[in-house]
Amino acid sequence: MRIPKCLPAIVLLLLPLSRADVRTCLCDVAVPATLEARECGLCKEAEKQPADLEFFFLRDTNPLKLHRWLALPRFHGEHPQQLTEMTPAQRTGYWSAAIAKAKAEWPADPWGIALNSTFKRSQCHIHLHIGKLIAEAEDDHFVTVDGPANIPVPKDGDGVWIHPVNGKLHVHIEKPDGELKLER
Ligand SMILES: [Zn+2]
Ligand SMILES: [Zn+2]
Ligand SMILES: [Zn+2]
């Protein structure tokens with residue numbers, strides 16, 4: 001049997017339709033119809049925000065996580081959007097905004113903020129999960145930093161989660177699903 005030359009192109013075209021993969025989405029904010037894909041839903045939410053805002057917060061819409069928050073930049077990025085593509089000032093601003101929200105929501109409780117790995121993400125628009133830490137969250141795979149400007153940038157789409165300890169921050173690196181450290 002002869003295989004048509006165009007077959008690989010056809011397979012590539014069909015892939016994004018057959019499964020939600022934040023690495024293959026084709027959203028373009030200039031073309032609103034492209035934001036209807038499920039994995040681009042947070043891009044659509046960002047477009048609803050005032051244009052002069054830099055970061056904003058949404059309640060997690062998952063019915064199992066209703067007391068949790070998401071922190072998002074108003075600006076868009078690559079597919080998927082990553083911390084590596086932001087300027088240091090943008091990254092520091094983003095972490096600082098999420099930390100301020102966590103402190104405001106959980107002034108007395110231990111809180112945590114998590115970025116899931118690219119593989120675990122279901123949305124192309126970057127989002128930090130903010131919530132109360134589970135009781136047994138601590139592990140020994142972390143670095144300690146003074147503040148948001150010193151949080152290391154995850155490599156290769158790795159996940160990361162942070163929490164405050166004695167006035168400093170623990171940055172737990174290479175954790176794909178840090179979100180699981182937060183209470184549901
Ligand atoms: Zn997208
Ligand atoms: Zn976006
Ligand atoms: Zn820790």
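Of all the criteria given as (1) buried (at least 16 other Cβ atoms within 10 Å of the Cβ); (2) within 20 Å of residue 97 (Cβ to Cβ), the one not satisfied by residue 27 is (2). The set of residues in segment 11-56 that are at pLDDT below 80 and among the charged types (D, E, K, R) comprises 19, 21. Within segment 121-148, the set of residues being among the basic types (Lys, Arg) and either part of a strand (DSSP E or B) or within 15 Å of ligand 3 (Cβ to nearest atom) (or both) comprises 132 only.
Screening residue 157 with (1) at pLDDT 95 or above; (2) of a type outside the set (A, V, I, L, M); (3) under 25 Å from residue 85 (Cβ atoms) gives one miss only, at (1).
If you go through segment 61-120 and pick out every residue that is closer than 16 Å to residue 152 by Cβ and assigned to a loop (DSSP other than H, G, I, E, B), you end up with 4.
Of note, residue 151 satisfies the criterion of being aliphatic (A, V, I, L, M), buried (at least 18 other Cβ atoms within 10 Å of the Cβ) and within 14 Å of ligand 3 (Cβ to nearest atom).
Pairing residues of segment 159-184 that are over 11 Å from residue 133 (Cβ atoms) with residues that are within 16 Å of ligand 2 (Cβ to nearest atom) and basic (Lys, Arg), at Cβ distances under 9 Å and at least 6 apart in sequence or on separate chains, gives 159/121. Among the residues of segment 76-100, those identified as surrounded by fewer than 17 Cβ atoms within 10 Å (Cβ to Cβ) and among the β-branched types (Val, Ile, Thr) are 84, 87, 92. Consider residue 146 carefully, then state whether it is more than 26 Å from residue 52 (Cα to Cα), charged (D, E, K, R) and out of contact with any strand residue (DSSP E or B) (no Cβ under 9 Å at 6 or more places or on another chain). No: the conditions fail for residue 146.
The values are calculated or read from the model by the stated rules, or taken from the named source; none is laboratory data. Because the structure is a prediction, the values reported are computed rather than measured. Backbone-built Cβ (ideal geometry, glycine too); neighbour counts: all protein chains shown.
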